[in-house]
Every structure is written in C-alpha cells, then in structure tokens.
Amino acid sequence: MIDHDSLQELGWQPFFSTQLSQEEAETLQPARVIEQHRCDAEVDNGEERLLIPLLYSSPKMAVGDWVLLSAPDKISRLLDRKSLFTRKAAGTKIAPQLIASNVDVCFIVCSLNADFNLNRIERYLSLAHEARVEPVIVLSKADLCDDPAPFIDEVQKLDPALAVEAVNCLDEESTRHLSTWCKPGTTVVLMGSSGSGKSTLTNTLLEEEIQDTWEIRENDAKGRHTTSRRTLFPMPNGALILDTPGMRELQLADCADGVNATFADIEALSLECKFTNCGHTNEPGCAVRHALEHGEVDPRRVTNFQKLLKEQAHNRATLYERRSHDKSLGKTYRRAQEEARLKKSR
C-alpha cells in the first residue's frame, strides 16, 4: 500500500493519486525523479532513493516527474504532469529540452547589477505562464544596490499583479519573506542566468551549503555555471526546491499562450486591430501602432513581444518537422524489420 504521508513530503498531490487504478495503487510504488543523469535517474519513493537505469524504452522524463515502479529498478509508467517547463535545446540541436515538471511556483532570479534585463525577465515569464506556474520575480544582490525601488518599479510595470521581491541571497532574514511561496509539499523551481544568485539563494533557503557558488566577473557582471545539473532538494519547512543551471540561451518553442499572457496588455490591444493577422508594422487600423504613436505602450515591450512570438513560432515549426521526420523514419525501420522477419520465416 502507498504511504501517502511520506509521499506528500515529496510533493504528492490528489492530482497524481487520482490517476492510479485500484490495481496500481495496490501493486505499484510511486516515486519522484529527484535527479537525472545521462544513463540513469535517481528517484525517491518516500522510504529510500533508488537509481534506475534509463533504457531506450524508458519514458522521456524531467526532474520533478512522478513514475510508478513495478520493481526497485523498473518504471511501469510515467504519470501525467501537473506542469512542465520546456525549451528548444541549446545550440543547433533540433529537439525540445525538458527542464522541470510538476512545479507549483517559479522564482525568476535576476540580479540588481549590470545583468538586470527586462527582456530576459519577460522571456522567463513566458515560460512560466506557458507552464501555468505562478511566477515570482526575485531581484537578487539587493545589498549591492543603492536603491532597489526603481528596479522593482520597472518590473512591476510589466504586470501590476506580478509578485516582485528584492533580496540579499546571503541573508536568511532578507529571504525569509519568500517563505510565503514555500509551503509544505510545494515545489519551487529557481530559474535565471548564470551568476544571478540561484545557487546562493538555494543554500540560504536550505540552511545548508549544498550548491557550489562562484563570484561573478567584474568586467561584465556575468556569472559562470556553478550548477551543472537539476536536483530537487527538501527544504527544512517541508517545501521542495529545484535549482537549475543558468541558461544563457533560452529559446522558446510552442509557447504562444505563455507569450500572450506575459504581454497581456499588448495582446488585448491586438484584438482591436482591423486585421486578425496584423503584424503590428504598417498595417492600416493597427491598434498597437496607434498606441505606440500616442505613447500608450512601451516600444521595448512591443518589440520584444513580436520577437518572442516569431521565435516560438519558428522553433515550433522546426520541432514539428523533426517529429514528423522521426515518425516517418520509425515507420520505415519497422517496415524493414517486418519484411526481414517474413523473409526469415519463409
């Protein structure tokens, strides 16, 4: 039988338990993916941590996933996800990359120095909104900033309802008000560029030096990768925190809903355009261009809105073509194998 109390400490919720049949509840063991490597995944079933080899037939998983085990080293199936963060894989690789799953809150960490970037914050917000996860903007290195208030105001203008907190990641008292979002059984993921303070914040929230940290470069205020893998850690108050490696390249793919939610003010204007496929450039009757000309909307936001929509649409089409090619190739392989079996049987 399933020990619900121990699983709840790992973030087990009714959303997952309702997916189990009576037979599965009696014979299979739920476990959560805590860390994933190239050839295996570390899972926690509430009693112990197990290392499971990843085979060709294994489901594609992300840290935070819930799986059902039929044996200590065998996955029966992957449970449906409550939320999923994905991006286009970095570089020229044409494939989606799973970042984290079954997350409740996303701390978007951005430092109050030369690396402060509203465009990047909007990019992460699009990712969080697409995953339908509550975003919280955490402005780090507040102790090195003379006055965080103007930065907070800039971020708040993106969305008046957006939660924005300025913190010193090294100070427990400064980070204490983040506990509002760190309830027992809640999973929080940290995202942001290298050097923003994610690992330092992780250590402070865990009250333990678990993640390595490095000083940022003084010449450009940028950081180096210190977290090389995604790992789910239990917090002392019963929440779980997932630190992620810094992403210098965050390409959006199939993320139109997330972009539109991040730029809800511009999306609302676009509904008033004369043409439904308005590109907001030189089209007649464009409500967005009219708002720009009258100073009613930030030109930077409009430019970034158009850029992110175009980027995600291009990457979505590219990934779709790749999936179609892979399916076609798979059918060809299966057909060839079937023909070989028939010839052998004769």
Output the peptides 28-34, 54-60 sorted from most to least packed, where packing is the average of other Cβ atoms within 10 Å over each peptide's residues. 28-34, 54-60
In whole Å, what is the distance between the alpha-carbon centres of the stretch 95-123 and the stretch 1-78? 27 Å
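Ranked highest first by the average count of other Cβ atoms within 10 Å around their residues, in what order do 294-301, 258-265, 44-51 fall?
Top of the packing list down: 258-265, 44-51, 294-301.
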Whole-number percent relative contact order across the stretch 134-178, with pairs defined as alpha carbons under 8 Å at least 6 apart: 46 percent
Given 0.36 nm per residue, what is the gain on full extension from Leu206 to Ala71 after removing their alpha carbon distance, in nm? 45.4 nm
Compare the peptides 182-195, 269-282 by average per-residue count of other Cβ atoms within 10 angstrom and give them in order, highest first. 182-195, 269-282
Given Lys198/Lys307; Lys60/Lys157; Lys157/Lys198; Lys183/Lys310; Lys60/Lys274; Lys60/Lys141, which pairs have Cα atoms separated by over 32 Å? Lys60/Lys157; Lys183/Lys310; Lys60/Lys274; Lys60/Lys141
With each label point set 7 Å from Cα along the Cα-Cβ vector, what nm distance links Gln8 and Gln22? 2.4 nm
Checked the stretch 29-176 against the a/c 1.5 cut and the a/b vs b/c comparison, axes a ≥ b ≥ c from its Cα gyration tensor; verdict prolate
Karplus couplings for the stretch 63-74 from phi (6.51 cos²θ - 1.76 cosθ + 1.60, θ = phi - 60°), rounded to Hz, Gly and Pro as x? 4, x, 5, 10, 10, 10, 9, 9, 7, x, 10, 9
Residues other than Thr175 with Cβ under 11 Å of its Cβ, Lys/Arg counted +1 and Asp/Glu -1, net out at -4
Using label points projected 7 Å from each Cα along Cα→Cβ, tell me how many nm separate Arg229 and Glu293, to one decimal. 5.8 nm
Rounded, prolate or oblate: which fits the stretch 4-78, taking a ≥ b ≥ c as square roots of the Cα gyration tensor eigenvalues, rounded meaning a/c under 1.5, else prolate when a/b beats b/c? prolate
Hey, could you grab the Kirkwood Rh for the stretch 106-157? Inverse mean 1/r over distinct alpha carbon pairs, Å, one decimal. 11.4 Å
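Rule-based calculations on the coordinates, nothing more; no lab input. Because the structure is predicted, anything quoted here is derived from the model rather than measured. Cβ: placed from backbone, ideal geometry, glycine included. Neighbour counts: every protein chain shown.
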